[in-house]
Amino acid sequence: MTSEMVDPGTAVTQGGASRRIALQQLMLPAVLLVLVVVGTIDDHEVFFTKDNLLLVLTQASIVGVIALGMTFVIATGGIDLSVGSVLAAAAIAGGQFADTGSWAFIAGTIGFAVFLGAFNGVAIAYGRIVPFIATLAMLTGARGLALWMSEKTPISVNALEAVRWLGREQFLGIQVPVWIFAIASVSAWILLNRTVYGRRVIAVGGNREAARIAGIRPERIVFSVYVLTGLCAGISAVMLSGRLGSASPVAGGLLELDAIAAVVIGGTSLAGGRATIVGTCLGVLTFALIFNLLNQFGLSADLQQITKALIVLGAALVQRGDLRR
């Protein structure tokens, strides 16, 4: 985890904040361990079982893939509030080709999600629209598209064997969505930490003008991260549709908040310039375990949302030094 990229300039000027973020990342494995211990003590016959842990991982996979893309967006100092709506619109767009077969559905879903992500990217990188406003508009627009294209009716994909396999079947005893999340996580880590592109993402987030002087074109990088988030939303749309057996126009509600929360508690800087894929994965698993445990305790959905808000506020307090710059 300590090998994750840190922008040198940011590390010098925000040394205290960097230490707090490092402590935050080191605490996450300890928090995960505590959650497992508490859950096991409360109900060892259910919580610490293969079936329950696989359920937690499967539930985490859909938001996890989106959180990976969100990590790159936030690393540039941006935000994407539209991924949940993009997921729904992409699934419905793919559903228009459901009669043609599984691969037509998959291609249509991912292709439309990438298109919407690219639309965000153009608006933000070249239209100079603030990311919050641009993606807020897409949140509303994409949800409207999903409702309009579907006529407010879910589209069944139960007959699509490959989609069902991607959403709910097992491979080597582990659900396929978990494999997809694992492969996506490794790929994202390599992209961020072992490629020129990853270094440029961090540089643009750390100091856009300095990056420009160094020969990087920030507009291209900013555009690309929103395309990447669209791709991740498309992949998650396929997995969720396969799991539910239908493409729903109301799917993905508040999914963007879950993704952002996982990235924030994982240690990626909301101000940009520092990102950690390992931290994002731990953040996703932390939230998944917390809500599995809260369900086990019988807490209502309202209290679960309050708990999530408190966790995010705590993580933001850790980053308050970064947010002032």
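The values are calculated or read from the model by the stated rules, or taken from the named source; none is laboratory data. Treat the numbers as computed from the prediction; the structure is a model and nothing was measured. Neighbour counts run over all protein chains shown; Cβ positions are idealised from the backbone, glycine included.
Kindly check whether there is at least one residue in the stretch 77-92 that is surrounded by fewer than 24 Cβ atoms within 10 Å (Cβ to Cβ), among the charged types (D, E, K, R) and either at pLDDT 70 or above or under 25 Å from the mean Cα position of the chain (by Cα) (or both). No, there is no match, as no residue in the stretch 77-92 is surrounded by fewer than 24 Cβ atoms within 10 Å (Cβ to Cβ), among the charged types (D, E, K, R) and either at pLDDT 70 or above or under 25 Å from the mean Cα position of the chain (by Cα) (or both).
In the stretch 247-262, the condition of being modelled with pLDDT of 85 or more, β-branched (Val, Ile, Thr) and over 30 Å from GLY39 (Cα atoms) is met by at least one residue. ALA251 meets all of the listed conditions (1) more than 25 Å from ALA75 (Cβ to Cβ); (2) assigned to a loop (DSSP other than H, G, I, E, B); (3) without any contact (Cβ under 8 Å) to a residue 60 or more places away in the chain but one, namely (3).
Applying the criterion of being among the β-branched types (Val, Ile, Thr) and in a helix (DSSP H, G or I) to the residues of the stretch 64-76, the residue that is nearest to the chain's Cα centre (by Cα) is ILE66.
When you check THR40 against the structure, is it exposed (fewer than 15 other Cβ atoms within 10 Å of the Cβ), modelled with pLDDT of 60 or more, part of a helix (DSSP H, G or I) and among the polar types (S, T, N, Q), yes or no?
Yes; evaluated as a whole, the condition is true for this residue.
With the requirement that a residue be of a type in the set (Ser, Thr, Tyr), part of a helix (DSSP H, G or I) and either more than 17 Å from ASP80 (Cα to Cα) or in contact with a strand residue (DSSP E or B) (Cβ under 8 Å, 6 or more places away or on another chain) (or both), what does the stretch 185-230 give you? The answer is SER185, SER187, TYR197.
Quick check on the stretch 45-62. Is at least one of its residues aliphatic (A, V, I, L, M), in contact (Cβ under 8 Å) with a residue 12 or more places away in the chain and either within 30 Å of GLU219 (Cα to Cα) or buried (at least 24 other Cβ atoms within 10 Å of the Cβ) (or both)? Checked against the condition, which is being aliphatic (A, V, I, L, M), in contact (Cβ under 8 Å) with a residue 12 or more places away in the chain and either within 30 Å of GLU219 (Cα to Cα) or buried (at least 24 other Cβ atoms within 10 Å of the Cβ) (or both), the stretch 45-62 yields at least one hit. If we keep just the residues of the stretch 232-250 that are more than 18 Å from the chain's Cα centre (by Cα) and of a type in the set (Gly, Ala, Ser), which is surrounded by the most Cβ atoms within 10 Å (Cβ to Cβ)? For the stretch 232-250, the residue satisfying everything is ALA247.
When you check PHE105 against the structure, is it in contact (Cβ under 8 Å) with a residue 40 or more places away in the chain, buried (at least 20 other Cβ atoms within 10 Å of the Cβ), among the aromatic types (Phe, Trp, Tyr) and under 26 Å from PRO249 (Cα atoms), yes or no? Here the answer is yes, as PHE105 does meet what is asked. When ARG274 is tested against the conditions (1) buried (at least 22 other Cβ atoms within 10 Å of the Cβ); (2) at pLDDT below 90; (3) of a type outside the set (Gly, Ala, Ser); (4) under 15 Å from VAL65 (Cα atoms), the lone failure is (4).
All of (1) within 20 Å of LEU81 (Cβ to Cβ); (2) in contact with a helix residue (DSSP H, G or I) (Cβ under 6 Å, 6 or more places away or on another chain) hold for THR140 with one exception: (2). Within the stretch 199-237, being of a type in the set (S, T, N, Q) and within 22 Å of SER185 (Cβ to Cβ) holds for SER224, THR229, SER236. Within the stretch 116-133, being under 15 Å from ILE74 (Cβ atoms), free of Cβ contacts under 8 Å to residues at least 60 places away in the same chain, of a type in the set (A, V, I, L, M, F, W, C) and in a helix (DSSP H, G or I) holds for one residue alone: PHE132.
Here LEU299 passes the criteria (1) modelled with pLDDT under 75; (2) part of a helix (DSSP H, G or I); (3) not charged (D, E, K, R) except the one numbered (2). For the residues SER269, SER236, the requirement of being within 29 Å of TYR126 (Cβ to Cβ) and assigned to a helix (DSSP H, G or I) singles out SER236.
Residues that are out of contact with any helix residue (DSSP H, G or I) (no Cβ under 6 Å at 6 or more places or on another chain) and basic (Lys, Arg) within the stretch 187-211 comprise ARG194, ARG199, listed in sequence order.
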